[in-house]
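Student: Okay, handing you the structure first.
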Amino acid sequence: MRGTLSRISNRVFQISVSCACVMGAINVAWAGKPGDSLGRKLSTVARMDREHLQAARDAVERYRELRVDVKSRTPALTDYRAIFHAHAEDSAHTGGTRPEMLADAKKANVQIIFLSDHYRPPNDFITDTWRGLHDDVLFIPGSEETRAGLLIHPMKSVMDVMDADRETVVETVTEGDGLIFLSHVEDRFDASMEGLTGMEIYNRHADAKDDMTALFSLVSQITDPVKAKDLGDRVREFPAEFLAMQLDYPELYMTKWDETLEQQRVVGIAANDCHHNQVFIAKMVDENSVRIGTIVDDDDGMRVYDTSTFPSISELTKGHKPGDILVTLDLDPYYISFHNVSTHVLSDALTEDAVRKAVKGGHAYVAHDWMCDPTGFQFVAYNGDANASKTTPAAIQGDEIAFTKGLSLYAEFPLECHVRLLRNGEVIEDTSAQTFTREVDSAGVYRIEGWLEVNTEDRVWIYSNPIYVR
């Protein structure tokens with residue numbers, strides 16, 4: 001997969017440009033798309049405006065000041081920030097390198113990276129890449145298997161079965177503590193979950209690929225020298241807020257997750273789908289026309305625009321020669337992508353064996369870290385009053401526990417937020433809290449979400465993995 005924007009850039013640039021001219025008319029009103037009913041008030045194009053980017057930044061800074069450290073109720077476990085669905089040096093459409101990824105992981109306080117190399121035989125995605133600790137960042141190799149849409153992280157090489165049927169691939173990959181996840185759920189909602197460890201419950205690419213309006217808006221701004229400069233300034237000043245412009249609650253993903261959870265255990269992870277390839281460029285053809293695409297597109301894969309559509313192109317090309325890069329817009333350096341969304345793994349050690357076991361057990365949660373550092377978030381169960389308990393929890397995220405009288409759920413966030421508790425996919429409590437307690441009155445699959453208000457909009461911040469009450 002090309003990831004986020006570049007995979008669809010060619011499609012976008014082939015669509016009639018006339019659609020781009022209506023962007024201003026929808027700058028504030030949100031027309032919506034399926035699955036976007038929760039929290040949305042502004043269009044993506046409006047979110048790109050300086051005033052809204054600044055308002056989002058103001059909210060982030062306010063939450064940073066309000067944030068407090070949460071005392072762990074499971075002190076034997078450390079909250080490690082992990083990245084799933086990460087690409088480097090694995091295809092023609094990947095712009096980043098592993099050393100670049102490592103440097104940005106250190107900058108973003110990421111301790112674990114699950115690589116998802118594209119399958120390119122004879123290269124072996126397990127042995128011909130990084131594995132183990134590199135400058136205190138743990139790399140775990142794997143691949144994005146595109147036929148069935150799976151992220152696979154086997155214990156050892158599985159090159160001999162990669163072209164086999166799906167059942168054989170799943171059985172081979174999951175031997176021992178091998179992990180396998182359904183990816184790009186928007187493309188395969190009805191895919192079987194049989195034998196899988198889990199699934200992506202958020203994918204950055206999914207938020208981008210059906211949002212043509214934002215991409216049209218980018219094209220119209222890139223072709224105007226004044227607007228292009230302002231656009232570049234906004235991206236540099238508000239990189240995290242800009243990349244989050246398309247963030248929506250992933251209702252389609254969550255619907256599949258909740259439906260499947262009623263049938264089997266399913267670990268939820270986040271997909272950054274990062275390649276550092278969302279670097280848009282405008283390249284001069286002649287004084288009246290430019291090509292627009294990304295740094296990983298060849299000339300034939302870029303769309304040519306001329307002054308008949310955008311008269312400002314003649315100003316953009318003035319003083320330049322054919323082949324010159326006139327505009328560069330870098331949206332997704334690894335650091336910003338890592339900060340956008342991550343999977344926090346609760347593990348007793350920063351080793352591959354320990355991390356694999358923690359993920360397999362569902363001891364993890366997903367968070368959009370750009371809004372506020374979620375580290376320390378707790379979601380546990382007690383056989384008794386959680387507020388009064390000084391003992392180790394009876395269950396944490398991913399665990400199963402028997403339903404008994406007096407069983408209670410406890411959640412704690414680093415700051416007060418909007419809290420939604422769900423049982424079997426249905427919201428059973430909706431409140432604002434920093435610490436949350438509820439007695440369990442029936443068996444079911446329980447998960448919890450934390451939401452934050454950012455620039456008048458409620459945006460999802462934290463998604464827990466479930467506690468299974470049997």
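Student: Tell me which residues, restricted to region 265-278, are at negative phi, part of a loop (DSSP other than H, G, I, E, B) and under 19 Å from the mean Cα position of the chain (by Cα).
Tutor: First pass over region 265-278, keeping only residues at negative phi: 265-272, 274-275, 277-278.
From what's left, part of a loop (DSSP other than H, G, I, E, B): 265-266, 272, 275, 277-278.
Scanning region 265-278 gives Val266, Asn272, His275, Asn277, Gln278.
Student: Can you report the number of residues in region 373-389 which are of a type outside the set (Val, Ile, Thr), in a loop (DSSP other than H, G, I, E, B) and either at pLDDT 95 or above or not assigned by TED's automatic domain parsing to the domain that holds Trp451 (or both)? Steps first, please.
Tutor: So in region 373-389, the residues of a type outside the set (Val, Ile, Thr) come out as 373-374, 376-379, 381-389.
Still in the running and in a loop (DSSP other than H, G, I, E, B): 373-374, 376-377, 384-389.
Subset that is either at pLDDT 95 or above or not assigned by TED's automatic domain parsing to the domain that holds Trp451 (or both): 373-374, 376-377.
Residues flagged as of a type outside the set (Val, Ile, Thr), in a loop (DSSP other than H, G, I, E, B) and either at pLDDT 95 or above or not assigned by TED's automatic domain parsing to the domain that holds Trp451 (or both) within region 373-389 amount to 4.
Student: A further question follows. Considering only region 391-413, I want to know if a residue exists there that is assigned to a strand (DSSP E or B), over 23 Å from Arg265 (Cα atoms) and either touching a His at 6+ places or on another chain (Cβ under 7 Å) or hydrophobic (A, V, I, L, M, F, W, C) (or both). Full working, then the answer.
Tutor: Within region 391-413, the first condition is being assigned to a strand (DSSP E or B), and the residues that meet it are 395-396, 400-401, 407-413.
From what is left, the residues that are over 23 Å from Arg265 (Cα atoms) are 412-413.
Still in the running and either touching a His at 6+ places or on another chain (Cβ under 7 Å) or hydrophobic (A, V, I, L, M, F, W, C) (or both): 413.
Yes, that holds for at least one residue.
Student: Among the numbered criteria (1) crowded, with 18+ Cβ neighbours inside 10 Å; (2) farther than 20 Å from Gly198 by Cβ, which one does Ile467 miss?
Tutor: Checking Ile467 against (1) crowded, with 18+ Cβ neighbours inside 10 Å; (2) farther than 20 Å from Gly198 by Cβ, the one that fails is (2).
Student: For residues that are farther than 24 Å from Asp373 by Cα and either crowded, with 16+ Cβ neighbours inside 10 Å or within 20 Å of the chain's Cα centre (by Cα) (or both), scanning just region 96-122, find the one that is modelled with the lowest pLDDT.
Tutor: The first filter runs over region 96-122 and keeps only residues farther than 24 Å from Asp373 by Cα, leaving 96-99, 116-122.
Imposing the further condition that a residue be either crowded, with 16+ Cβ neighbours inside 10 Å or within 20 Å of the chain's Cα centre (by Cα) (or both) reduces the set to 96-98, 116-119.
Values: Gly96: 75, Thr97: 87, Arg98: 89, Ser116: 91, Asp117: 87, His118: 83, Tyr119: 85.
So the residue we want is Gly96.
Student: On to the next question. Only one residue in Asp399, Asp369 is under 25 Å from Met245 (Cα atoms) and of a type in the set (Asp, Glu). Which one? Don't jump to the end; show me each part of the working.
Tutor: Details: Asp399 fails: under 25 Å from Met245 (Cα atoms).
Matching residue, one of Asp399, Asp369: Asp369.
Student: OK, next. Taking Ser442 as the residue in question, decide whether it is at pLDDT 95 or above, of a type outside the set (Asp, Glu) and not in a strand (DSSP E or B). First the steps, then the outcome.
Tutor: Values: at pLDDT 95 or above: yes; of a type outside the set (Asp, Glu): yes; not in a strand (DSSP E or B): yes.
When the stated conditions are applied, Ser442 passes them.
Student: Which count do you get for residues in region 295-313 that are under 15 Å from Leu326 (Cα atoms), touching a Gly at 6+ places or on another chain (Cβ under 9 Å) and assigned to a loop (DSSP other than H, G, I, E, B)?
Tutor: 2
Student: Within the group Glu457, Glu429, which residue is touching a residue at least 60 places away in the same chain (Cβ under 8 Å), within 30 Å of Ala59 (Cβ to Cβ) and not hydrophobic (A, V, I, L, M, F, W, C)?
Tutor: Working: Glu429 fails: touching a residue at least 60 places away in the same chain (Cβ under 8 Å).
Residue meeting the stated conditions: Glu457.
So that you can scan it fast, the table gives a plain yes or no per residue for (1) free of Cβ contacts under 8 Å to residues at least 12 places away in the same chain; (2) over 20 Å from Lys71 (Cα atoms); (3) surrounded by fewer than 16 Cβ atoms within 10 Å (Cβ to Cβ); (4) not assigned by TED's automatic domain parsing to the domain that holds Gln263:
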position	(1), (2), (3), (4)
Thr391	yes, no, yes, yes
Gln397	no, no, no, yes
Phe403	no, yes, yes, yes
Glu412	no, no, no, yes
Glu416	no, no, yes, yes
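Student: Right, another one. Does Tyr382 qualify as being touching a Phe, Trp or Tyr at 6+ places or on another chain (Cβ under 7 Å), within 30 Å of Ile269 (Cα to Cα) and without any contact (Cβ under 8 Å) to a residue 40 or more places away in the chain? Walk me through how you get there before you give the answer.
Tutor: Details: touching a Phe, Trp or Tyr at 6+ places or on another chain (Cβ under 7 Å): yes; within 30 Å of Ile269 (Cα to Cα): yes; without any contact (Cβ under 8 Å) to a residue 40 or more places away in the chain: yes.
So Tyr382 passes the test.
Student: Do we find a residue being of a type in the set (D, E, K, R) and in contact with a Pro (Cβ under 8 Å, 6 or more places away or on another chain) anywhere in region 418-433? First the steps, then the outcome.
Tutor: Within region 418-433, the first condition is being of a type in the set (D, E, K, R), and the residues that meet it are 420, 423, 426, 429-430.
Keeping just the survivors that are in contact with a Pro (Cβ under 8 Å, 6 or more places away or on another chain) gives none.
There is no residue in region 418-433 that is of a type in the set (D, E, K, R) and in contact with a Pro (Cβ under 8 Å, 6 or more places away or on another chain).
Student: Identify, from the list Ala214, Ala244, Ala240, Ala206, the residue that is touching a His at 6+ places or on another chain (Cβ under 9 Å) and modelled with pLDDT under 90.
Tutor: Only one candidate passes the filter, namely Ala206.
Student: Next up: Within region 28-50, does at least one residue satisfy the condition of being at pLDDT below 85, among the polar types (S, T, N, Q) and within 20 Å of the chain's Cα centre (by Cα)?
Tutor: Checking region 28-50: at least one residue is at pLDDT below 85, among the polar types (S, T, N, Q) and within 20 Å of the chain's Cα centre (by Cα).
Student: Separate question: Does Ala364 fit the bill of being aliphatic (A, V, I, L, M), outside the structural domain of Tyr202 (by TED's automatic domain parsing), within 30 Å of Pro239 (Cα to Cα) and surrounded by fewer than 21 Cβ atoms within 10 Å (Cβ to Cβ)?
Tutor: Working: aliphatic (A, V, I, L, M): yes; outside the structural domain of Tyr202 (by TED's automatic domain parsing): yes; within 30 Å of Pro239 (Cα to Cα): yes; surrounded by fewer than 21 Cβ atoms within 10 Å (Cβ to Cβ): no.
It is false that Ala364 is aliphatic (A, V, I, L, M), outside the structural domain of Tyr202 (by TED's automatic domain parsing), within 30 Å of Pro239 (Cα to Cα) and surrounded by fewer than 21 Cβ atoms within 10 Å (Cβ to Cβ).
Student: Restrict the check to region 271-279 and report whether at least one residue is over 20 Å from His87 (Cα atoms), surrounded by fewer than 24 Cβ atoms within 10 Å (Cβ to Cβ) and not polar (S, T, N, Q). Explain how you work it out, then say what you get.
Tutor: Let us first name the residues in region 271-279 that are over 20 Å from His87 (Cα atoms), namely none.
The answer is no, given that none of the residues of region 271-279 is over 20 Å from His87 (Cα atoms), surrounded by fewer than 24 Cβ atoms within 10 Å (Cβ to Cβ) and not polar (S, T, N, Q).
Student: Can you find even one residue in region 156-169 that is modelled with pLDDT of 95 or more and within 27 Å of Ile336 (Cβ to Cβ)?
Tutor: no
Student: Spot the failing condition for Ser337; the list is (1) farther than 30 Å from Tyr63 by Cβ; (2) touching a Cys at 6+ places or on another chain (Cβ under 6 Å), and only one is missed.
Tutor: Of everything listed in (1) farther than 30 Å from Tyr63 by Cβ; (2) touching a Cys at 6+ places or on another chain (Cβ under 6 Å), Ser337 misses just condition (1).
Student: In addition: Report, by residue number, each residue of region 198-236 that is buried (at least 18 other Cβ atoms within 10 Å of the Cβ) and either in the same structural domain as Met284 (by TED's automatic domain parsing) or without any contact (Cβ under 8 Å) to a residue 12 or more places away in the chain (or both).
Tutor: Selection gives Gln221 alone.
This table checks each residue for (1) within 25 Å of the chain's Cα centre (by Cα); (2) surrounded by 15 or more Cβ atoms within 10 Å (Cβ to Cβ).
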site: Leu422; (1), (2): yes, yes
site: Glu439; (1), (2): no, no
site: Gly444; (1), (2): no, yes
site: Trp451; (1), (2): yes, yes
site: Glu457; (1), (2): yes, yes
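Student: Here's a follow-up. Let me spell it out: the conditions are (1) β-branched (Val, Ile, Thr); (2) out of contact with any His (no Cβ under 9 Å at 6 or more places or on another chain); (3) surrounded by fewer than 17 Cβ atoms within 10 Å (Cβ to Cβ), and Thr431 meets all of them except one. Which number is the exception?
Tutor: Here Thr431 meets the rest and fails (2).
The values are calculated or read from the model by the stated rules, or taken from the named source; none is laboratory data. Everything numeric here is computed off the predicted structure, so don't read it as measured data. Neighbour counts are summed over all protein chains in view; Cβ atoms, including those assigned to glycine, are modelled from backbone coordinates with ideal geometry.
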